[in-house]
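Notes follow once the structure below has been shown.
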Amino acid sequence: MNNFILYDKVFKSKYLFIVLFLLLGLKNHGFAQISVDTYFGVGQSLVSDGVVGDFSTAINGNYAGFSASAGGLLTLSNVQKNLFSAYSLALTKNIKISHRYLNIGSFYVWRPFSVDLREVNIGLLADIKTRHFGYALGLNSRKYSFSNAAKQKYNLNYNISVTEPLNLMYRFSYFNSINRLLLFDGSITNYDKFTILQETNPMFIAKLSRGISHNMQIYSELCYMQSGFFNVHVGYFGFLFRGGMIWTIN
């Protein structure tokens, strides 16, 4: 059983590393600008049973108006047994409209919902920015299913899954320079790097970023999550603090 679970984890994660190396390889052939986003995070929620630690790396490559990205997430948690806890893939096209750019793209996000269940999201997302505001709207389809290890554990010879056909995704942002070095970005959204919540469960994200060289930026983020924000009863859900760095390879 343990060998099967290990094989299942390796099988699911190998595609992410293939994409990561392909994106890095593009730079070696002069085809793309590459940026690497790495962060450490700590947080807590109603279901985390203590403090949770996150480490993530995402690589983004740009070429001819297209952007391709791949990211992975490692999580240390009392309730989550899988160290490798999520990965994402995305492809985006930049379209110039007047003097602004509209970004339209598709994405895929895989992550464990519990020890035995897996959550897969696929969707479309569009965003546009003005001088101080950003707007994003999209749709995603979510599917919950048993892992291969769980099917063998419970002797399930057939597929059992639950699908949410369409869910709304949104992000409304405000950003402004505090001074010559610091940039503030505040958002209300129901999705983040590896998380997509229900429409009625928004996150409040405050971000400070600072450029320390022509190709390197550091940032910190505080995420606060509410459950039932648009309902009569509003309940605390969780928070997350992140500190990270973005390195651009010109």
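Are any residues in segment 174-194 hydroxyl-bearing (Ser, Thr, Tyr) and surrounded by 17 or more Cβ atoms within 10 Å (Cβ to Cβ), and if so, which ones?
Filtering segment 174-194 for residues hydroxyl-bearing (Ser, Thr, Tyr) gives 174, 177, 187, 189, 191.
Passing the criteria: 187, 189, 191.
Looking only at segment 97-151, which residues are of a type in the set (D, E, K, R) and without any contact (Cβ under 8 Å) to a residue 24 or more places away in the chain?
Answer for segment 97-151, where residues must be of a type in the set (D, E, K, R) and without any contact (Cβ under 8 Å) to a residue 24 or more places away in the chain: 131, 151.
Determine, yes or no, whether residue 135 is part of a strand (DSSP E or B) and loosely packed, with under 14 Cβ neighbours inside 10 Å.
Against the criterion (part of a strand (DSSP E or B) and loosely packed, with under 14 Cβ neighbours inside 10 Å), residue 135 qualifies.
I'd like the full set of residues that are surrounded by 14 or more Cβ atoms within 10 Å (Cβ to Cβ), of a type outside the set (S, T, N, Q) and farther than 17 Å from residue 108 by Cα, limited to segment 138-173.
Answer for segment 138-173, where residues must be surrounded by 14 or more Cβ atoms within 10 Å (Cβ to Cβ), of a type outside the set (S, T, N, Q) and farther than 17 Å from residue 108 by Cα: 146, 149, 150, 151, 153, 171, 172.
Hey, which of the strands (runs of 3 or more DSSP E) in segment 151-240, taking only ones fully inside, have at least 3 residues that are in contact with a His (Cβ under 9 Å, 6 or more places away or on another chain) and either basic (Lys, Arg) or modelled with pLDDT of 90 or more (or both)?
The qualifying strands (runs of 3 or more DSSP E) are 161-177.
The values are calculated or read from the model by the stated rules, or taken from the named source; none is laboratory data. Please read these numbers as outputs of a predicted model, since none were measured by experiment. Positions of Cβ are generated from backbone atoms using ideal geometry, with glycine treated the same way; all protein chains shown enter the neighbour counts.
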